[in-house]
Amino acid sequence: MLRMTARPSQLRCALFVFVLALAAFLRFYCLTCSSLWHDEGNSWAVAQRSLEQIARDAAADIHPPGYYWMLKFWSGLFGFSAGGIRSLSALSGILTVAVVYKTALEITYGTEKKQHEFALLASFLAAVSPFQVFYSQEARMYALLALEGTALMWALLALRRRVAAQGLSSSIAGYAVLYLLAAAAGLWTHYIFGVLILAAVGTAFLWCLRNSGQLSADGGETDSGTYRGAYDRWKAFGLFLILNFLAFLSFLPWLPTGIDSLLSWPSQDGIASSLEGLRVTLQTIAVGTVRTGPQLAWGWLLLVALLPICGLWQLRRSGAGAALLSWLLLPVVVVFSFGLVNPSFMKFLLVLSPAWCLAVAACPSLLAAGPESTRLLGWRSSVRIHERIGNATAFRLPLASVATGSVAVMAAALAATALPAYYSDTAARDNYAGIASTVAALGDPDEDLVVLNAPGQADVWRFYDVGIEYLPLPAERPPDRAKTEGTLLEKTADRRRIFALFWATEQSDQERIVENWLGRHAFKGWESWQGNVRFATYSMPKNLSCMALERPQVFEDFAELAEFCLSEGPLAAGDTLMAGLRWRPLRTLDRRLKVSVQLLDSREQVIVQRDGEPAGGSMPTTVWQKDEIVVDHHGLTVPFGTPSGDYRLIVAVYDAETGSRIPVQSGDAVELARLELIRPKQTVPVSIVPIQHRTILDFGRLDAIGYDYHRKAFAHAPLTAIPAGEMVQVTLYWNAPSPLPSDWPEDMKMRLLLGDQSIEAPLAGGSYPTSQWRAGELVRSTIEIRFDGSDPVLWLEVGDIRKRLGRIPYDG
């Protein structure tokens with residue numbers, strides 16, 4: 001039999017190439033699937049300026065200009081597209097994986113075979129790290145910063161070993177240059193490099209210098225990184241000082257600007273609870289900052305903390321152990337000390353991720369460190385995995401190999417859980433691309449306006465320019481109320497609709513001048529969170545028809561509704577119905593109430609509702625004065641796909657704390673009008689329709705393209721737990737086939753099942769039979785079913801085809 005075996009060196013090389021290829025795939029796959037967000041838009045804009053202008057702009061910012069200079073040259077070669085500017089970070093992430101491997105080879109770790117196994121495991125952990133993958137797909141400086149920090153530590157460990165063994169010979173020149181370049185580049189990339197990385201390197205070097213005579217981790221041989229005498233220590237210390245001095249000298253021209261930037265950095269509010277801060281830190285290290293990623297239980301989080309401790313214990317006698325310890329701990333200490341433990345600043349911990357990978361990779365060999373260690377731990381050093389019948393010999397696998405495989409499988413499992421959710425989430429970052437596509441589909445360049453409440457959004461909005469005028473407000477900090485409101489009054493005078501993007505409101509418009517003005521002077525339609533951006537539409541009060549109620553409706557004894565206004569003209573799905581209410585307070589009130597305006601179909605199902613405090617929150621009931629008319633505007637955007645037909649418009653008032661409705665003469669709500677909904681003139685792209693669960697469910701004759709489900713009246717909080725006995729509201733989105741088949745039925749029915757409950761109804765509720773559908777039309781239908789507390793899984797049947805919709809959130 002011909003038997004082929006690869007040499008160990010060839011096998012290791014092949015495995016390392018595989019790890020790099022895996023890292024490249026994970027970082028370049030779906031590189032542009034998520035939108036550019038605010039900070040990336042800033043990177044895109046700054047990189048297109050001159051080198052001098054970049055420096056001037058950076059002086060007014062909180063980052064040095066190094067990354068932007070590099071991005072400018074990079075984008076000159078690869079373009080200023082989203083993929084072009086992000087590819088620099090992707091390459092930095094791949095190189096970080098390679099440098100992690102090289103750093104591991106500089107750590108004293110027993111035999112050559114063990115050394116390379118350690119290096120391969122460390123690089124694999126870095127390759128599949130969701131934390132590193134996320135920032136390797138972002139056009140910011142953090143992936144580059146992690147690369148520079150890892151390269152600096154590699155150079156330090158390499159210099160330490162070679163100076164101790166050979167003195168100041170020519171063999172160290174390359175590593176000395178690498179150290180200098182990494183240190184200088186890191187200082188010019190981000191201010192935290194000096195605070196976190198150089199400080200960690202200095203701490204590690206001084207520890208190694210002081211303890212250079214200790215034994216290595218692999219059992220008693222002198223560490224190849226220890227120095228043979230005081231003279232060698234002074235030579236190493238001198239070289240370390242010279243390299244850091246030269247790096248500092250390169251940064252000296254920018255140092256005064258950097259100090260001013262750090263001193264003027266606004267104070268931050270971190271997470272109050274130390275336990276919660278620890279949870280967020282470990283969660284970030286394990287699976288990154290992906291919003292839709294898994295929320296790890298404490299058992300997993302403790303494993304994330306204990307594995308590097310195990311590895312550090314294994315390396316405790318090596319100078320590398322001190323380096324990894326300082327590299328891991330210092331960023332965490334700084335983040336906690338300065339109150340930066342919140343989602344916005346978890347990116348600073350990326351610099352410690354390579355150290356975590358190295359420390360975790362060192363843990364498995366603790367099991368094979370020798371008989372003394374294994375006896376101390378009470379473990380056997382090998383596992384019997386096969387035994388021949390009738391033969392006394394057995395094949396044993398070293399326990400360290402089993403542990404290595406287990407760690408690799410754990411890391412792969414975390415990546416397999418977190419990364420698919422990240423790749424498929426269009427709002428993994430603030431979804432400006434999705435907002436822009438919506439504005440492009442619905443907006444009119446001649447009649448509409450985009451308002452950006454944080455002027456810094458202008459850069460990313462220019463990247464997705466849709467040809468509609470945009471207005472960044474407030475124009476200055478602190479905001480000038482009179483100037484801001486005057487600009488809004490002027491710019492919105494002849495507009496039909498306002499698209500508003502609210503981001504970082506606490507920093508840009510803490511008094512909510514823009515939002516409150518729009519709430520008083522316009523009709524708010526729909527709003528949705530696109531990442532950390534709140535996207536809202538407002539209709540300006542044109543073509544309103546006002547009318548007095550035949551009999552003013554008195555709500556309890558605190559206010560009466562005497563008049564209301566409605567927008568004129570035809571109403572279709574996608575349009576915003578403007579409803580203006582005129583309240584007359586009968587007395588002052590010491591509790592906050594909310595107003596709910598609802599559009600109901602013929603089955604009394606809520607099609608759309610707008611809840612909130614009066615005047616967009618700017619006139620809460622606690623500030624109402626007796627007999628002073630309160631103008632309260634509400635805009636109801638009819639959901640895309642809503643069938644044409646007859647609808648009722650009602651208004652109700654309820655307690656903001658308890659949710660109980662305030663009684664009125666006619667019951668607990670007042671009917672304002674009966675309205676007819678017509679077919680929309682144009683079809684909108686399905687991609688802009690807000691759908692909670694977007695999918696394709698094939699029911700033979702037609703498809704459902706998605707669905708929503710939540711507790712009734714909790715559309716604003718769909719994850720609210722549903723107790724037994726409560727109604728579950730399910731919204732389905734149907735896509736009619738195009739063309740319609742010749743045997744297209746007059747009407748089709750569906751059956752919804754939840755536990756022991758079931759309900760049957762026409763696809764669009766009976767008011768819009770399938771015979772009236774148009775080819776390719778989007779049709780939205782709403783149905784309610786009671787949750788009986790048994791099985792929480794929701795099913796949908798059409799004909800003889802049954803599909804699982806999902807598991808509702810429930811109490812139990």
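Observations on the structure shown:
- Computed from the Kirkwood radius of its Cα pairs, the Stokes-Einstein diffusion coefficient for region 632-704 at 25 °C and 0.890 mPa s stands at 151 µm²/s.
- Ile309 exposes around 100 Å² of accessible area when a 1.4 Å probe is run over every protein chain in place.
- The charge dipole of the chain, taken about its Cα centre with unit charges on the Cβ of Lys, Arg, Asp and Glu (plus for the first two, minus for the last two), comes to roughly 3740 debye.
- Per residue accessible area in Å² of region 625-688, where ligands, DNA and RNA are left out and the probe is 1.4 Å: 51 Å²
- Remark: region 417-423, residue by residue, has Karplus-estimated 3J(HN,Hα) of 7, 8, 5, x, 5, 5, 4 Hz, where x stands for each Gly or Pro and the curve is 6.51 cos²θ - 1.76 cosθ + 1.60 at θ = phi - 60°.
- Reducing region 493-526 and region 132-188 to their Cα centroids gives an inter-centroid distance of 48 Å.
- Value of Rg/Rh across region 62-150 [Cα atoms, Kirkwood radius]: 1.08
- Measuring between their Cα centroids, region 705-740 and region 313-354 lie 44 Å from each other.
- Note on region 490-582: with charges restricted to the Cβ of Lys and Arg (+1) and Asp and Glu (-1), its dipole about the Cα centre is near 400 debye.
- Per residue accessible area of region 551-617, 1.4 Å probe, in Å²: 38 Å²
- Applying a 4.7 Å Cβ-Cβ cutoff to the chain leaves Cys13, Cys208, Cys357 as cysteine residues with no disulfide-compatible partner.
- Options Leu329, Val554, Phe205, ranked by Cα towards positive dipole end of the chain, top entry (Cβ charges): Phe205
- Shape of region 281-326, Cα gyration tensor, a/c cut at 1.5: prolate
- Positive-pole candidate from Ala724, Pro663, Gly765, dipole of region 658-770, charges at beta carbon: Pro663
- Carbon + sulfur, % of accessible area of the chain - ligands and nucleic acids excluded, 1.4 Å: 58 percent
- Between Phe78 and Ser50, the modelled label-to-label distance comes to 2.7 nm, taking each label 7 Å out from Cα in the direction of the beta carbon.
- Solvent-accessible area per residue in region 1-150 equals 40 Å², computed with a 1.4 angstrom probe and all protein chains kept.
- Computed [θ] at 222 nm, helices only, for the chain once each DSSP H run of length n ≥ 4 contributes -39500 (n - 2.57): -12500 deg cm²/dmol
- Among 636-642, 626-632, 357-363, 337-343, the order from most to least packed when residues are scored by Cβ within 10 Å on average: 357-363, 636-642, 337-343, 626-632
- 5 Å-binned pair-distance histogram of region 498-570 (Cα, whole percent): 3, 13, 16, 17, 15, 13, 12, 8, 2, 0
- Pairs exceeding 29 Å between alpha-carbon atoms, taken from Lys542/Lys681; Lys491/Lys524; Lys712/Lys803; Lys114/Lys347; Lys594/Lys626; Lys102/Lys235: Lys114/Lys347.
- With only Cα atoms counted, the chain has Rg and Dmax values of 32.0, 101 Å.
- Per the Cα gyration tensor, region 677-812 maps to an equivalent ellipsoid with semi-axes of 27, 17, 13 Å, ordered largest to smallest.
The values are calculated or read from the model by the stated rules, or taken from the named source; none is laboratory data. From a predicted model like this one, the values you see are computed outputs, not experimental measurements. Cβ: placed from backbone, ideal geometry, glycine included. Neighbour counts: every protein chain shown. Remember, those area values only see protein heavy atoms, side chains included, never the ligands or the DNA or RNA. Shrake-Rupley method; radii C 1.70, N 1.55, O 1.52, S 1.80 Å.
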